[in-house]
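**Student:** A single structure is presented below for examination.
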Amino acid sequence: MAAFKTLDDLQDISGQRVLVRVDLNVPVKDGKVTDYTRIERVVPTIQELSTKGAKVILMAHFGRPKGKPAEGMSLEPIATAVEQVLDSRVHFAPEAIGEKAAEAISRMVDGDVLLLQNTRFYEGEEKNDPEFAKALAANGDIYVNDAFSAAHRAHASTEGLAHLLPAYAGRTMQAELEALEKGLGQPARPVVAIVGGAKVSTKIDLLQNLVAKVDALVIGGGMANTFLAARGIDVGKSLCEHDLADTARAIDAAARKAGCDIVLPSDGVVAKKFEAGAESEIVAIDAIPADAMVLDVGPRTIEAVKAWITKAHTLVWNGPLGAFEIEPFDKATVEAARHAAARTGEGILVSVAGGGDTVAALNHAGVADDFTYVSTAGGAFLEWMEGKELPGVTALQA
Ligand SMILES: Nc1ncnc2c1ncn2[C@@H]1O[C@H](COP(=O)(O)OP(=O)(O)O)[C@@H](O)[C@H]1O
Ligand SMILES: O=C(OP(=O)(O)O)[C@H](O)COP(=O)(O)O
């Protein structure tokens, strides 16, 4: 890994405006943050810069608002959550660029912390538009990227800005890369990956290379339905991206070629509604009712997943096996997590898990501290595992 500058290289920054890219894309339910891990992980960088007298200007995205303001995706409530964790005032600017942002920044005194509005409220962010990056850069003297979990995105705030201002890696960016290298640089075999969750279209391509790196790929969550459908199974109303059937088949073929076992659910827990208290039943995977959706893998699959964890010496995990936020659909994720934690405790398994919701799921299972390493990153972690370049990291090395 080519070196990048870190906060150790930043001397005498009192009064400087430091634009810090953080990942505040945290799980939220009924307007409340349900897992603070991502916020907690950026505290060291914020505090270090603030203590050194910098004006700390946080940039982040929240959700996928598609380039314009969207209801429920303002970062304003997240500023309050950051404030709680930091235990000191976090100001909020209702815009990320332009007059309102500049005005809020001009009111900052040394050591202040301010959060800018969701960068994805602007088309230029995801397009990595140089004009948008310039508009962001106009409000800063220095750029720090502490969002490892968004480093797989070549966006203006994660990549473009690094070319416009003196650029440094934050403490979390640094710690994540070091920990992943230490845990997974030379993984002991067998290596088992578990991939689940809901971000099917953005993660499915990663599996094509991942199968060459692991001995078994266990697929659960919404991701599994797309593979099952590609194999001709009727998944009813389940979360499924039918247009990705060819991609799923190509991954199946790549796995066969690489000698990687693909492990798909043999049974599922289905319900007609995705809500607490919804009636659910366990069905064989080829007997999913047309009007129901699979919200968790079933007990036979849980045993198969646990058997793979037992065989493994290294486990990489992104994406819950089911919709763990709602009982009883948390069962598979909780059981697999507890089993992996126990094997880790016995010194048999190196377990590395990542992703905003995956971390929340491990916290829900009460085992986040029992894994070898828990990354804040999901997609970025998988891309790192694949050996792909992460644009947000590469830009810091330029
Ligand atoms: N079978 C399923 N159907 C619908 N949603 C699911 C299913 N399994 C898991 N999920 C959802 O996937 C979400 C997490 O996915 P994702 O964002 O990809 O994970 P991460 O944030 O850890 O990278 C959770 O909110 C969970 O409810
Ligand atoms: O939550 C994130 O990624 P993750 O779900 O892979 O952990 C990051 O904030 C990136 O978000 P994105 O996948 O909408 O670009």
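**Student:** Give the accessible surface of the chain per residue, rounded to a whole number of Å², with probe radius 1.4 Å and ligands, DNA and RNA excluded.
**Tutor:** Value returned for the chain: 41 Å² of accessible area per residue.
**Student:** So what's the chain giving for Cα Rg divided by 2.2 N^0.38 Å, two decimals? Can you show the working numbers first?
**Tutor:** Working: Rg = 21.4 Å, N = 398, 2.2 N^0.38 = 21.4 Å.
Here the answer is 1.00, to two decimals.
**Student:** For Asp112, which sequence-distant residues (separation of 5 or more, or a different chain) have an amide H within less than 5 Å of its own amide H, given hydrogens modelled in the peptide plane?
**Tutor:** It is Val56, by chain and number.
**Student:** For the Cα atoms of the chain, what angle does the longest principal axis make with the long axis of helix 245-258, in degrees from 0 to 90, nearest 10?
**Tutor:** 80 degrees
**Student:** What fraction of the DSSP beta bridges in the chain is antiparallel, stated in percent and rounded to the nearest 5?
**Tutor:** Antiparallel bridges make up about 20 percent of those DSSP assigns within the chain.
**Student:** I'd like the Karplus ³J(HN,Hα) series for segment 342-354: coefficients 6.51, -1.76, 1.60, θ = phi - 60°, whole numbers in Hz, and an x wherever there's a Gly or Pro.
**Tutor:** 3J(HN,Hα) across segment 342-354, in whole Hz: 5, 5, 5, x, 7, x, 8, 10, 9, 10, 10, 10, x.
**Student:** 5 Å is the cut-off here: which amide hydrogens, built 1.01 Å from N in the peptide plane, fall below it relative to Glu241, excluding neighbours closer than 5 in sequence?
**Tutor:** Thr226
**Student:** Could you pull out every residue, at least 5 positions away or on a different chain, whose amide H is within less than 5 Å of the one on Val28? Hs are placed 1.01 Å off N in the peptide plane, and Pro or chain starts have none.
**Tutor:** Thr34
**Student:** Output wanted: per-residue J couplings in Hz (rounded whole) for segment 52-60, from phi through Karplus 6.51 cos²θ - 1.76 cosθ + 1.60, θ = phi - 60°, x for Gly and Pro.
**Tutor:** Once θ is set to phi - 60°, the couplings for segment 52-60 become 7, x, 6, 8, 9, 10, 8, 10, 7 Hz.
**Student:** On to the next question. Picking from Gln11, Gln47, Gln84, which is most flexible by a Gaussian network model of the chain using Cα springs under 10 Å?
**Tutor:** Checking each option, the largest mean-square fluctuation is seen for Gln11.
**Student:** Could you check the simple spin-label distance between Thr34 and Glu99, using points 7 Å along Cα→Cβ, in nm with one decimal?
**Tutor:** 4.1 nm
**Student:** Sequence neighbours fewer than 8 away in the same chain don't count; with that in mind, list the lysines whose C-alpha is under 28 Å from Lys311.
**Tutor:** Candidates past the 8-residue exclusion: Lys182, Lys199, Lys203, Lys213, Lys257, Lys331, Lys388.
**Student:** Per-residue HN-Hα couplings for segment 109-126, Karplus 6.51 cos²θ - 1.76 cosθ + 1.60 at θ = phi - 60°, whole Hz, x for Gly and Pro?
**Tutor:** Here the 3J(HN,Hα) series is 10, 3, x, 5, 10, 9, 10, 7, 4, 2, 5, 7, 6, 10, 4, x, 4, 6 Hz.
**Student:** If exposed GluC sites (Glu not before Pro) are those in a DSSP loop with at most 10 other Cβ within 10 Å, what is the longest stretch of the chain that has none? Mind dumping the intermediate values first?
**Tutor:** Working: sites that count: Glu71, Glu275, Glu279, Glu346.
In short, 72-274.
**Student:** Still on this structure, I have one more. Report in % the part of the accessible area of the chain that belongs to carbon and sulfur, leaving out ligands and nucleic acids; probe 1.4 Å.
**Tutor:** Carbon plus sulfur share of accessible area: 49 percent.
The values are calculated or read from the model by the stated rules, or taken from the named source; none is laboratory data. Worth saying up front: this structure is predicted, and the values here are computed from it rather than measured. Every residue, glycine among them, receives a Cβ derived from its backbone with ideal geometry; neighbour counts consider all protein chains shown. Each accessible area value is taken on the protein alone, full model and side chains, heavy atoms only, with ligands, DNA and RNA left out. Shrake-Rupley method; radii C 1.70, N 1.55, O 1.52, S 1.80 Å.
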